[in-house]
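The structure under discussion appears below in the form of structure tokens.
The values are calculated or read from the model by the stated rules, or taken from the named source; none is laboratory data. Remember, predicted model here, so these are calculated numbers, not experimental data. Note that we place each Cβ from the backbone using ideal geometry, even for glycine, and neighbour counts take in every protein chain shown. SASA here: full protein model, heavy atoms, side chains in, ligands and nucleic acids out. Shrake-Rupley method; radii C 1.70, N 1.55, O 1.52, S 1.80 Å.
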Amino acid sequence: MEREKDPRAYDPAVIEPKWQQRWEESGLHNADIDPSRPKHYALTMLPYPSGELHIGHWYAIAPSDAQARFMRMRGHNVLFPMGFDAFGLPAENAAIKRNIHPKTWTFANIDRMHGQLRRMGTMIDWRREMISAHPEYYRWTQWFFLQFFVNDLAYRKKAAVDWCPSCNTTLAREQVIGDDRHCERCGTPVVRKELAQWFFRTTQYAEELLDFSKIDWPERVETLQSRWIGRSEGASLVFRTETGEPIEVFTTRPDTIWGATFLVLAPEHALVSKLTSADRKEEVEAYVTAAVRQSDLQREATDKEKTGVFTGGYAINPANGERIPVWTADYVLPGYGTGAIMAVPAHDQRDFEFARRFDLEIKPVIVPDGGAEGALPVAGDQMVEASTERGPMFDSGPLTGTPAGEAFARSVAWLEEKGAGKKSVNFRLRDWLVSRQRYWGAPIPIVYCPEHGAVPVPEDQLPVLLPDDVEWLPTGESPLKLHATWKNTTCPVCGGAAERETDTMDTFMCSSWYHLRYLSPHYDGGPFDPAEYRYWMPVDTYTGGIEHATMHLIYTRFFHKACRDIGVVQDDEPMLKLRNQGIILGEDSEKMSKSRGNVVAPDELVDRYGADTVRAYLMFCARWDFGGPWNGRGIEGTARWLRRVWSLFTEESEGGTPATPATPATPATPANTVIDRLRRKVHQTLKQVTRDLDQFQFNTVVAALMELQNELSQSRNDGAVGTPAWREAHEIYVKMLAPVAPHVADELWEKLGGEGSIHVQPWPEVDEKAASVEEVTLVVQVNGKLRDRITVPVGIADDEARKIALESEGSRRFLEGKEVRQVIVVPGRLVNIVVS
RNA sequence: GCGAAAGUGGCGGAAUUGGUAUACGCGCUAGACUUAGGAUCUAGUCCCGAGAAAUCGGGUUAGGGGUUCGAGUCCCCUCUUUCGCACCA
């Protein structure tokens, strides 16, 4: 049964579309170059067009939008753009499953999401939208690839790569996660495959990527990136086989070289077959074959017993000339360092386990306990585990006795002198594998000519268009391989028959530079208009999920630095300040998913409460950087608050009797007390809201506004309505509300008779004098326990405060018969009386 | 195993950075207005004890210890949770 609505009641269904339309018509959100104002580029991670926005998108976008609106009111020229990361596998899966073309599916989803983003009341400048699957965009993605290619930052090599059997494609190392090494997208454990693939030289930037001094990013992200990059200082040492063949190893402990009693090569190491003696051949080959075939899951399980075989070959330890056996074992990884190690079982746990298993010599060369008085190494055959701490060198020829602090440097210097090694730094970071054996991505702009090899597609032939007329194989393999008219082409160099690269680019390539395309999404003289770049870049605040810490956020930094060195961009970093939001879970505290049925649909909430309420609740419901489970009932409180705010400012004439200052008044009259209180609270709140919006602390912004609303209701009952202070409170309140609940704020601003949109009004200034208090509550403690609260004038002398505290009723009871030992006065706060 | 972050009412969470712990909201309790209420308004709501009540006393920020006049905040130990990495030489 539909009841009649009170026309004066708060009705978001009426005011929200009204204001969205007005903002659009007036071009309120258009951000254009304006040298007269400081610019502010507020970027939030763009969504993948999966179908519709879920509450998690809102949680990410709405507070970011509020922050951007706040910056605009503070006088900045704010760019807040939005786009779509539109290439990727889900589109292709939909195509295979439901027989819809990925393009159709993707662009239909984008259409739908446009509507949702508008409904949210965001300040997006839609003129600047970019869609990565649009030829106008990927033309430049391909252009960047070519820049990397000609500058030797892109290369092709055959390598064992991670392959997702479900997605039918290779993955970058960053996209393989978890202890079972599964695909980041679909969860299927990956397998190894030997393939020729394109890589970017991210490792060239490993050192610089560790430098966060120019950016303000969460420590958590810096830590994650640092660990991912994994810098190790050590030495690169050269052992030689008996035939003089060098075997290079990397070690972080060159000071233990006298204890290197064998070498271990990864099964993939090129020297394995060369070194293997005739009698060991069969066994070694069997082991290598098995190891290579093994899945990474089996191979990298740390708890399994070490395996390996002796190659029959020997090498010379350059430190002591000893002849030591060379083994091959799968605990040595082919991709890190040189794929070969010197094994020092006495001082490395892995080598120790291996030595014990195969009865190899364990020779301690470091004094234990950091070289404590009288300490001597335990004999190798007595050891129960490796001794990994630092200590003076022992049994190490001329270096015996070198103290721990100098051991590293002196060992390296000594080895260097002998031409057996040098100091070196190793990184865990690998080059970025960008090839994907998928259709729905930006084609790699390379042509293979039997004569000229890999030839870049000339710039003027970009974009290499993704053909629409493709047929899907039931296996899910990329249809580009089967598209003869597309695949067969001519060599740009000789004009002879040639074939296109059928792989496409990792979508992280597309998202590495989207922030640059927003600057001029239709510019065709380059990836972006340099004038726009000069004005807007770098990004001032970047918001998004922490899950991208070691993927997108490393790629985009690498990308930018590489482009800087090529000369395409300036600046060392693309994004100055990063803030992460947490994840909103379902009401059952589990990750939201359709299969669990715990997905919260924002559209339904907007229908019921309005976008302003949903926005405000998302800011209020949790610490933004933490996130947490959704609470469907909690939103009622935010809805109530906005209704109260509405009636507070629309029904004010029905309030109590105006407390006109004309009332014959001494400073102590109730009327003035009400006014002072009101102004104090207003300006204190303004101070807090300003600070908290600045710091992305959205929950306390809403809490402070709720508190002030309570206070204003009280003041209204006390007769503040009609006074200048009330008018001021009204105005400031609506302005503070504007970033949080933009529609209702503009409506209330209009009702108040404000000029133009609330959203371009200057942010109010704090009246420090009004915010300050004349009287403070002095807390009186006895032995640290609260005993009394006394109202005293602000700025009271310490002596005076002390006196009042000692005489206060509350404290006296606890002082009787006691000796006062000490009195601590914290000005304006408390007095603590210490008694025996 | 290593690394990081975090533990505050029934719940989400505040606490000006060492100075009144539990702001704000949800939920709950009672009342008012209502034909009705998943609307609105008012009051109460950390725990224990005393009191008819106003109040008064004691305790409390995962647990234990320490520094300090004073600790949710700093230090040490233990436990729990979440996240990341995981044979990286």
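Points to keep in mind about this one:
- Among A:ALA729, A:MET120, A:ILE554 the positive-end extreme of the charge dipole of chain A (Cβ point charges): A:ALA729
- Loop-located GluC sites (Glu not before Pro) in segment A:319-399 (DSSP state not H, G, I, E or B) with no more than 13 neighbouring Cβ atoms inside 10 Å: A:GLU373, A:GLU385, A:GLU389.
- Of the trypsin sites (Lys or Arg not before Pro) found in segment A:153-232, those in coil by DSSP whose Cβ has at most 15 other Cβ atoms within 10 Å are A:LYS214.
- Global geometry of chain A, whether rounded, prolate or oblate, following the gyration tensor of its Cα atoms and the 1.5 cut on a/c: oblate
- With helices as the sole contributors, chain A gives -11000 deg cm²/dmol at 222 nm; each DSSP H run of n ≥ 4 counts as -39500 (n - 2.57), and the sum is divided by every residue.
- Counting DSSP beta bridges with both ends in chain A, the antiparallel % (nearest 5): 75 percent
- Accessible area per residue, Å², segment A:1-72 with all protein chains present, probe 1.4 Å: 49 Å²
- Summing Lys and Arg as +1 and Asp and Glu as -1 over all other residues whose Cβ lies under 12 Å from the Cβ of A:ILE804 gives a net charge of -2.
- Accessible surface area normalised per residue over segment A:516-607 is 39 Å², counting heavy atoms of protein chains with a 1.4 Å rolling probe.
- Note on chain A: dipole from Cβ charges, positive end direction compared against A:ALA160, A:ALA375, A:PRO325; the farthest Cα belongs to A:ALA375.
- Note on A:LYS306: lysines with a C-alpha under 21 Å away, same-chain residues under 8 apart excluded, are A:LYS281, A:LYS363.
- Straight-distance crosslink candidates among lysines, where the alpha carbon sits under 19 Å from A:LYS97 and sequence neighbours closer than 8 are dropped: A:LYS594
- Taken about its Cα centre, segment A:451-559 carries a charge dipole of about 260 debye when Lys and Arg each add +1 at the Cβ and Asp and Glu each add -1 at the Cβ.
- Alpha-carbon centroid distance for the pair segment A:630-645 / segment A:172-212, whole angstrom: 44 Å
- Flagged links, alpha-carbon separation over 22 Å, of A:LYS39/A:LYS577; A:LYS681/A:LYS785; A:LYS193/A:LYS274; A:LYS193/A:LYS481; A:LYS681/A:LYS769; A:LYS687/A:LYS785: A:LYS681/A:LYS785; A:LYS193/A:LYS274; A:LYS687/A:LYS785
- Summing Lys and Arg as +1 and Asp and Glu as -1 over all other residues whose Cβ lies under 13 Å from the Cβ of A:GLU416 gives a net charge of +3.
- Summed over the residues of segment A:118-276 and divided among them, the accessible surface reaches 40 Å² per residue at a probe radius of 1.4 Å.
- Hits among lysines - C-alpha to C-alpha of A:LYS18 under 28 Å, sequence gap 8 or more where chains match: A:LYS5, A:LYS735, A:LYS751
- Rounded, prolate or oblate (a/c below 1.5 giving rounded, otherwise prolate when a/b exceeds b/c) for segment A:1-73 by Cα gyration tensor: oblate
- Computed magnitude of the charge dipole of segment A:683-836 (debye, nearest 20; Cβ of K, R +1, Cβ of D, E -1): 780 debye
- Total charge dipole magnitude, chain A, about the Cα centre, Cβ charges on Lys, Arg, Asp, Glu only, Debye to nearest 20: 740 debye
- With every protein chain in place, chain A: carbon and sulfur % of accessible area (1.4 Å): 48 percent
- Formal net charge of residues neighbouring A:THR388 (Cβ-Cβ distance under 14 Å; K, R +1; D, E -1): -4
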